[in-house]
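This report concerns only the one structure given below.
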Ligand SMILES: NC(=O)c1ccc[n+]([C@@H]2O[C@H](COP(=O)([O-])OP(=O)(O)OC[C@H]3O[C@@H](n4cnc5c(N)ncnc54)[C@H](OP(=O)(O)O)[C@@H]3O)[C@@H](O)[C@H]2O)c1
């Protein structure tokens, strides 16, 4: 599959490593330009590109940059992606890092709904509670007793299925965590955030989430 990755940090870099290893055709971008991504390109075989180029013709686009940088992305970023492109949002909102965002803090918009509005395209929320290193260290074959599960939230059922299949190919189980409006259940500070458990543990943690945010996330 042709996959564009916008953001080449902890998560974007490790997704580039694993997705290329699985044979996907990966185009990866960061804020400083493709000339700063030669080491990652040599290591993985991914193609370093500009942010504008990363989504071109891509069937899946992963947006994995700090939430505060989302509004800086070029407008029409996804216009040249493949028809029906699936967009993955790995982001989390940390007020201390990302600044005060009233729509999230005061109006209760979920973080991924806010990101989708800025992108002008619906997203699938995935990987947001996954330690970046686990993408490399924790893949397990289907059925392995220690295979961990990741929650996946989206409004678009087809896009959700595309992402669930991709995550399963990466070596993890998935749990359907509902729509983007339900996705507060997997935001920072919730029981499932950072949880390393299988389908049953993740399902239970999602059910136990409280809409009340912890003090770290109410600044
Ligand atoms: N780290 C984790 O374990 C983890 C786990 C789950 C979810 N997340 C979430 O996933 C997101 C990414 O996290 P991360 O840890 O991978 O971040 P990171 O290591 O800080 O990397 C951020 C990447 O985004 C790029 N970037 C920043 N602004 C950009 C812009 N305007 N246009 C294009 N690229 C831009 C940076 O490029 P430059 O280096 O060139 O500036 C860098 O490649 C965050 O929302 C984070 O909360 C992180």
Give me the residue from segment 173-202 that is farther than 24 Å from residue 114 by Cα and free of Cβ contacts under 8 Å to residues at least 40 places away in the same chain and, out of that set, surrounded by the most Cβ atoms within 10 Å (Cβ to Cβ). 173
Test result for residue 43, over 17 Å from the mean Cα position of the chain (by Cα) and within 13 Å of the ligand (Cβ to nearest atom): no
Could you tell me which numbered condition residue 116 fails, if it satisfies all but one of (1) away from the ligand (no atom under 15 Å from the Cβ); (2) touching a residue at least 60 places away in the same chain (Cβ under 8 Å); (3) surrounded by 18 or more Cβ atoms within 10 Å (Cβ to Cβ)? (1)
Residue hits (segment 39-57; in contact with a strand residue (DSSP E or B) (Cβ under 8 Å, 6 or more places away or on another chain) and not in a loop (DSSP other than H, G, I, E, B)) are 40, 41, 44, 47, 48
Pairs only if they're at least six apart or on different chains, beta carbon under 7 angstrom, first in segment 62-73 and within 13 Å of residue 94 (Cα to Cα), second within 6 Å of the ligand (Cβ to nearest atom); list them, first residue then second. 65/6; 65/7; 67/91; 67/92
Qualifying positions in segment 63-96 - surrounded by fewer than 18 Cβ atoms within 10 Å (Cβ to Cβ) and within 8 Å of the ligand (Cβ to nearest atom): 66, 69, 72, 94
Quick one: in segment 150-166, of everything that is in contact (Cβ under 8 Å) with a residue 40 or more places away in the chain and crowded, with 22+ Cβ neighbours inside 10 Å, which residue is farthest from residue 112 (Cα to Cα)? 166
Please go through segment 175-187 and pick out each residue that is more than 16 Å from the ligand (Cβ to nearest atom), outside any loop (DSSP other than H, G, I, E, B) and within 17 Å of residue 91 (Cα to Cα). 181, 182
Inside segment 188-216, the number of residues satisfying the requirement of being assigned to a helix (DSSP H, G or I) and in contact with a strand residue (DSSP E or B) (Cβ under 8 Å, 6 or more places away or on another chain) is 5
Total residues in segment 16-38, condition more than 9 Å from the ligand (Cβ to nearest atom), out of contact with any strand residue (DSSP E or B) (no Cβ under 6 Å at 6 or more places or on another chain) and within 24 Å of residue 72 (Cβ to Cβ): 2
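Any read-out appearing in this document is the output of simple, stated calculations on the displayed coordinates, not a laboratory observation. On a predicted model such as this, the values are computed, not experimentally measured, just so you know. Using ideal geometry, Cβ is built from the backbone for each residue, glycine included, and neighbour counts are taken over all protein chains shown.
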